[in-house]
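I have placed the structure first, in the form of structure tokens, so that the comments after it can refer back to it.
The values are calculated or read from the model by the stated rules, or taken from the named source; none is laboratory data. Keep in mind that what you see is a predicted model, and the values were worked out from it rather than measured. Cβ: placed from backbone, ideal geometry, glycine included. Neighbour counts: every protein chain shown. We work out accessible area using only protein heavy atoms, side chains counted, and drop any ligands, DNA or RNA first. Shrake-Rupley method; radii C 1.70, N 1.55, O 1.52, S 1.80 Å.
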Amino acid sequence: MSGGYLWGQFYARVLIVALYLLFGVSIHEEYRRQIMKFNKQKSPQAEKEFGGTLGATCIPVFLPLTVLYLLCVCRSPVASVLQWPPVLPPTAQLWDPLAPVLILGWMALQSFFYLLPMGKVSEGMVLKDGSRLKYPINGFHALCITAVLLTLSLWLGMPLGYLFELLLPLAVCAIGVSFLLSLYLYISSFWAPHHALAQGGNTGNPLYDFFMGRELNPRIGSFDLKYFCELRPGLIGWVVINFGMLMKEVELRDSASLAMILVNGFQLLYVADALWNEEAVLTTMDIVHDGFGFMLVFGDLAWVPFTYSLQAAFLVVHPQSLSPLGATAIVTLNGAGYYIFRKSNSQKNQFRRDPTHPSVSKLETIATATGKRLLVSGWWGLVRHPNYLGDLLMALAWSLPCGFNHLLPYFYVVYFTVLLIHREARDERHCRAKYGLAWDSYCRRVPYRIFPYIY
């Protein structure tokens, strides 16, 4: 499908949204018909998550403020998250005309890479109407091309360290893009067929549905917006921001510290692994179950790149020294976490693709009423979510190079622990509803959720 066709589709849908926003009265009847049709189709049994309407109202206010607050604290000499009154920047520091150019240019660049005919094309899970969407598996290619462009930028003398000065304006623009894209997705979803809607975001409450996302796989032509945002602009942007922080430290101190190199290396490995195994995301809850609304849009475009890079930004202002023994211990911890994370995910994905493969064919399983089988041995017989255990070990390893004098670098560990425990609870509800008695049997066989003998 040509790029011109895709952009034509995009402009058509944007035009519909713009006409509604600017001339709502003139298209009121069409919109009213869509709302009436939606009210007949909505699912009254959809369980509300994240605190329901109250959470869906408060989270889009407080999470963007949290991102800006953490960046401000990170840049302050004290770097205390408990400082009162909190560190507030002058309004002028929140805006730079270069920031929107960089954000929109970055989105356009990654969109171009997404559309390039490189890598294979895979099919997603079966949808409600029996169809399967096709997805380009070329995220790792996009990362490699981005790395080449960064290298070329360095050779040309571009000041990549200036990203440190632009962190706040870039975050403000990313938050703005998140709200605008979420609004577009919410309004355009009323023209989507009923089978394309996500059950969790199809409740009839505008605030809640805006937050959760009404449409499961919103597309412009063949361009899948959720799949694109899930792994491209935010994850690769996180690595680019980290590299900018490293270059800023080189500007200030003539060389990068061991702590900065470890943080950059660990997180680059994590992102490269996610993109190398990009196909696995097609079976995750984000793609299969959750609608694409503010929750995922903001997380992908603003939260991930600007809070996951806090350790690198912290080290620019608060350099740390590491002993060879300490660095070795941290590398070992990250290596252990990565090994658990990768091996457990690979085992699960291989079992889903081909249960007869020699590497998984001898694993013990439990039959379910759906025809699928649950693993009760191997990594998935140790705890119910061994991949989460590996994730948390790596999260701790990313924070340890920042020392123990400040709580801020450990925000990620605390947040990620809360996130994964909450996600595990969502998984638990979903699997119990899906597998019934078989899931109860699995829980008796594998009593620990994430931490062996603890939780």
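Within the stretch 73-118, being open to solvent by less than 70 Å² (accessible area, probe 1.4 Å), among the polar types (S, T, N, Q) and part of a helix (DSSP H, G or I) holds for GLN110, SER111. Remark: pairs (first residue in the stretch 321-339, under 14 Å from PHE266 (Cβ atoms); second residue surrounded by 15 or more Cβ atoms within 10 Å (Cβ to Cβ) and among the β-branched types (Val, Ile, Thr); Cβ separation under 8 Å; 6+ apart in sequence or on different chains) = LEU322/ILE330.
Screening the stretch 268-299 for residues that are in contact with a Ser or Thr (Cβ under 8 Å, 6 or more places away or on another chain) and assigned to a helix (DSSP H, G or I) and picking the one that is surrounded by the fewest Cβ atoms within 10 Å (Cβ to Cβ) gives GLU279. Here the condition is being surrounded by 20 or more Cβ atoms within 10 Å (Cβ to Cβ) and either at positive phi or modelled with pLDDT of 85 or more (or both); of HIS385, HIS406, it holds for HIS385 alone.
Taking the criterion of being among the aromatic types (Phe, Trp, Tyr) and closer than 30 Å to SER309 by Cα, would at least one residue in the stretch 434-442 satisfy it? The answer is no, given that none of the residues of the stretch 434-442 is among the aromatic types (Phe, Trp, Tyr) and closer than 30 Å to SER309 by Cα. Here is a list of conditions, (1) open to solvent by less than 70 Å² (accessible area, probe 1.4 Å); (2) closer than 21 Å to ILE220 by Cα, and VAL121 meets all of them except one; can you say which number that is? Status for VAL121: all satisfied but (1). When GLY237 is tested against (1) under 22 Å from GLY390 (Cα atoms); (2) open to solvent by less than 30 Å² (accessible area, probe 1.4 Å); (3) at pLDDT 95 or above, just one condition goes unmet, and that condition is (1).
Checking ASP427, ASP391 one by one, the residue that is over 19 Å from ARG342 (Cβ atoms), within 19 Å of the chain's Cα centre (by Cα), of a type outside the set (S, T, N, Q) and in a helix (DSSP H, G or I) is ASP427 and no other. For ASP254, the criteria (1) touching an Asp or Glu at 6+ places or on another chain (Cβ under 7 Å); (2) free of Cβ contacts under 8 Å to residues at least 24 places away in the same chain hold in every case but one, which is (1).
All conditions but one from (1) at pLDDT 95 or above; (2) open to solvent by less than 10 Å² (accessible area, probe 1.4 Å) apply to ILE261; the one that does not is (2). For the stretch 340-381, enumerate the residues that are assigned to a strand (DSSP E or B) and either touching a Cys at 6+ places or on another chain (Cβ under 6 Å) or touching a residue at least 40 places away in the same chain (Cβ under 8 Å) (or both). Within the stretch 340-381, ILE366, ALA367, LEU374 qualify.
Scanning the stretch 313-327 for residues that are within 20 Å of the chain's Cα centre (by Cα) and under 20 Å from CYS74 (Cα atoms) turns up at least one hit. Just to be sure, is PHE243 in contact (Cβ under 8 Å) with a residue 12 or more places away in the chain, open to solvent by less than 20 Å² (accessible area, probe 1.4 Å), more than 13 Å from SER189 (Cα to Cα) and out of contact with any Asp or Glu (no Cβ under 6 Å at 6 or more places or on another chain)? Taking the combined requirement at face value, the residue does not satisfy it.
Considering GLU230, GLU251, which residue is under 21 Å from the mean Cα position of the chain (by Cα), open to solvent by 10 Å² or more (accessible area, probe 1.4 Å) and charged (D, E, K, R)? GLU230 is the lone residue from the list that is under 21 Å from the mean Cα position of the chain (by Cα), open to solvent by 10 Å² or more (accessible area, probe 1.4 Å) and charged (D, E, K, R).
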